[in-house]
Amino acid sequence: MTDWMTSSLADIAAGLRSRTVTARDLAEAAIANHERSGQHLNAYKTWDATAARRRADEADAAFAEGQDHGPLQGIPVSIKDLYGVRGFPTFAGTPKRLSAAWERQGPVVTAVTAQMGVVMGKTHTVEFAYGGLGVNPHWGTPVNPWDAQDHRAPGGSSSGAGVSLAEGSALVALGSDTGGSVRVPASLTGAVGLKTTYGRWPLDGIVPLSPSLDTAGILTRSAADAAFAFSAIEARLGKDAGQIEARPVTSLRLAITQNYFWDRCSADIAKIVEGAIAEIAKAGATLQHNALPEAGEAPQAVAEGAVVAAEAYASLQSDFPDWIATLDPYVRQRLEDGKNASAVAYIKARDKIRRLAAAAHTRLAACDALSVPMVPITPPRLADVGTWDSYRVANATVLSNAAPVNILGLCAITLPIGRDDHGMPVGLQLIASAGRDRELLQTALGIEQLLGTARERIGTAPRVQ
């Protein structure tokens, strides 16, 4: 008997159209998985099984009438509680519901719902998406399912997204990525996370953090699923549709570097990433050195101009002034730089970032992707980040290899490739120049076919077995 919840999206879509499986079957399986694990994993801010069953029945009825609304029809999807979704409240990680204006759907969510994707619920986020560990004192921090004993960080700010995939209550998760908020939780929970090129997908209907850096993205269980969901969403957004085929590993030109992305990397994680790159090279990929010095300069430029903090604080003052008094203390502390930012420093930083981005795009044009560690440390235990100083250091470290991609306007994907000495997932980040999202997915597919999917490579999370 087929276990549809572990099947690829392509196989599930074929099964739905042949009526071998129904959308209601998938929804019931997702609901059962959530009922088994949801209480202790805490992936969702809003969960609605009744609405999910109704949407699944509507998708089945459409199939029965010969109506095919798109590849995601009948597929269980979770959506970060930063997006407006019709019929759901939006909290954006805050202690009180946002106004109705922030519940309006934007184009990305509509690209899913217009295909009759089955929205299971809205997943937790760090307050206003400002944090890389996934911590939220208002609603509780989702539990990383890969540690059976300790409560470890799930990664943020899309903190519930990866957890929803791990527990099997969704097969695709929508997230957003300003400094790593899709890729970090994907890496820490053993999922694939795609950060799209800045500006490729519209941000309407998503609560902003830093408009200069915000991007919409997806988390999935495999690179094949990421390619499937990406193509489905792109088609609805009026972009290049069609199937994305794997690139043969023998044709790949992968850049490697020994500086910035490795500087904070723990020995066990470095060994796993180096081993995966060696496997890819042994299979025939060409490796070439690319220092990409802009990666180290970009975060410094952002810090000098307090770019993210300034834009985030301006957004709060403009759209959410009544929420400032109840901010998570860690979020508030990080916003202080923005509150006191100099306009001159901000403008100078933006100019410097534009120059660095242009240089990085030129440098990356000579390769298919730069291959580096995704998160350089194991996800910390929450008990170990209970003070501002410990949180600040850990937060900066988990975001360190992700943030340059946002600052430089690039696209990137993370693939699960192993488990560290603590048994936690390790991700390989592939970075490509702006606009090469489809080519990046082709590269990721070729590498996944060589190394294996997450389930094949790292197994199943202990808390959901």
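Computed from the coordinates by the stated procedures, all read-outs in this text should not be read as laboratory data. In this text the structure is predicted, and so the values were computed from the model without any measurement. Reconstructed Cβ throughout: ideal geometry from the backbone, glycine too, with neighbour counts over all protein chains shown.
Quick notes on this structure:
- Cross-link partners for K271 among the lysines, with Cα-Cα distance under 17 Å and sequence neighbours closer than 8 places in the same chain left out: K282.
- For region 22-30, backbone phi angles converted through the Karplus equation (6.51, -1.76, 1.60; θ = phi - 60°) give residue-by-residue couplings of 10, 4, 5, 4, 5, 5, 5, 5, 5 Hz, Gly and Pro being listed as x.
- Inter-part distance where region 257-300 and region 393-437 are each reduced to a Cα centre, Å: 11 Å
- Extents of region 194-297, largest first, come to 41, 33, 23 Å (Cα atoms, principal axes, whole angstrom).
- Rounded to the nearest whole Hz, the Karplus-based 3J(HN,Hα) values (6.51 cos²θ - 1.76 cosθ + 1.60, θ = phi - 60°) of region 439-455 follow the sequence 5, 4, 5, 4, 5, 4, 4, x, 5, 5, 5, 7, 7, x, 6, 4, 4, with x at glycine and proline.
- Partners for K348 among aspartates and glutamates (Cα-Cα distance below 12 Å; same-chain residues under 8 apart left out): E304
- For S266, S159, S371, the sequence from fewest to most other C-beta atoms within 10 Å is S266, S371, S159.
- Rounded if a/c under 1.5, otherwise prolate or oblate - region 318-465, Cα gyration tensor axes: oblate
- Relative contact order (%) - criterion: Cα under 8 Å, at least six apart; region: the chain: 18 percent
- Centroid-to-centroid separation of region 46-86 and region 123-192 [C-alpha atoms, Å]: 22 Å
- With the helix formula -39500 (n - 2.57) applied to DSSP H stretches of n ≥ 4, the chain reaches a computed 222 nm mean residue ellipticity of -12500 deg cm²/dmol.
- C265, C411 arranged by Cβ crowding within 10 Å, fewest neighbours leading: C265, C411
- Partners for K80 among aspartates and glutamates (Cα-Cα distance below 20 Å; same-chain residues under 8 apart left out): E35, D48, E103, E127, E167, D177, D204, D214, D225, E234, D319, D328
- With q set to 0.17, 0.25, 0.27 Å⁻¹, the log10 of I(q)/I(0) for region 99-143, from the Debye formula over equal scatterers at the Cα positions, is -0.69, -0.97, -0.99.
- Dimensions in Å of the chain - Rg and Dmax from alpha carbons: 20.4, 64
- The convex hull of the Cα atoms of region 109-180, projected and averaged over all directions, covers 5.2 nm².
- Residues whose amide H comes within less than 5 Å of that of L133, counting only those at least five positions distant or on another chain, are G156 (H built at 1.01 Å from N in the peptide plane).
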